[in-house]
Amino acid sequence: MRKEVIGTCPVCQNSLLATRLSCNVCHTEITGEFELSRFSYLNKEELNFIETFIRVYGNIKEMEKELDVSYPTVKKMLEQVVTKMGFETRESKEPNPNTEDILTKIKNKEISVNEALTLLKK
């Protein structure tokens, strides 16, 4: 039984490098230092989240149902995975909107009332 490669050192939690690749058909071996995919650094729970996200085509309402969690929890989980994969999050790109901006977004149906409440609590 083949095992999945891990991307994080179990001792110090730093990123691991692959140093040897081999073909099980022709037995070619390549040695060097190879970076792993961003996905290799996610734990099983985070990978399950990403697989579910892809399966439901990024529909957060479907994610709520699939994972049996609230909308803000799905958004928080997504932000954590985005951050762990090394991408900049929306929150780090955008300044906190003021109350008037939030009300305009509700009016234009860009965000839900629950999302607005979350933003206002910040």
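Computed from the coordinates by the stated procedures, all read-outs in this text should not be read as laboratory data. Not measured: the values here are computed from a predicted model. All Cβ positions, even for glycine, are placed from backbone atoms using ideal geometry, and neighbour counts span all protein chains on display.
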DSSP-loop chymotrypsin sites (Phe, Trp or Tyr not before Pro) across region 8-108, with at most 16 other Cβ within 10 angstrom:
57, 87
Roughly how many nanometres apart are two label points built 7 Å out from the Cα toward the Cβ at residue 69 and residue 38?
1.9 nm
Amide H contacts of residue 36 (H built 1.01 Å from N, under 5 Å, at least 5 apart or other chain):
18
Could you list which residues have their amide H under 5 Å from that of residue 8, counting only those 5 or more apart in sequence or on another chain, with H placed in the peptide plane?
16
Under the Karplus relation 6.51 cos²θ - 1.76 cosθ + 1.60, θ = phi - 60°, what is the ordered set of whole-Hz ³J(HN,Hα) values for region 69-79, x standing for Gly and Pro?
9, 7, 4, x, 5, 4, 4, 5, 4, 4, 4
Tell me the mean residue ellipticity at 222 nm calculated for the chain from its helices only (DSSP H runs of n ≥ 4, each -39500 (n - 2.57), averaged over every residue, nearest 500).
-13000 deg cm²/dmol
Which residue, 48, 14, 108, tops the fluctuation ranking in a GNM of the chain built on C-alpha contacts under 10 Å?
108
Rank 40, 70, 22 by mean-square fluctuation in a GNM of the chain with C-alpha springs under 10 angstrom and give only the top-ranked residue.
22
If the elastic network links every pair of Cα atoms under 10 Å, which of 32, 86, 58 fluctuates the most in the Gaussian network model of the chain?
32
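Go through 76/107; 76/121; 75/121 and tell me which ones have a Cα-Cα distance over 19 Å in this structure.
Checking Cα-Cα distances, 76/107 exceed 19 Å.
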Report the normalised scattering of the chain as log10 I(q)/I(0) at q = 0.20 Å⁻¹, calculated by the Debye formula with identical scatterers on the alpha carbons.
-1.21
Mean separation of Cα contacts under 8 Å, 6 or more apart, over the residue count of the chain: relative contact order %:
14 percent
Could you check the simple spin-label distance between residue 9 and residue 118, using points 7 Å along Cα→Cβ, in nm with one decimal?
3.6 nm
List the aspartates and glutamates whose alpha-carbon lies under 15 Å from that of residue 109, not counting same-chain residues fewer than 8 positions away?
100, 101
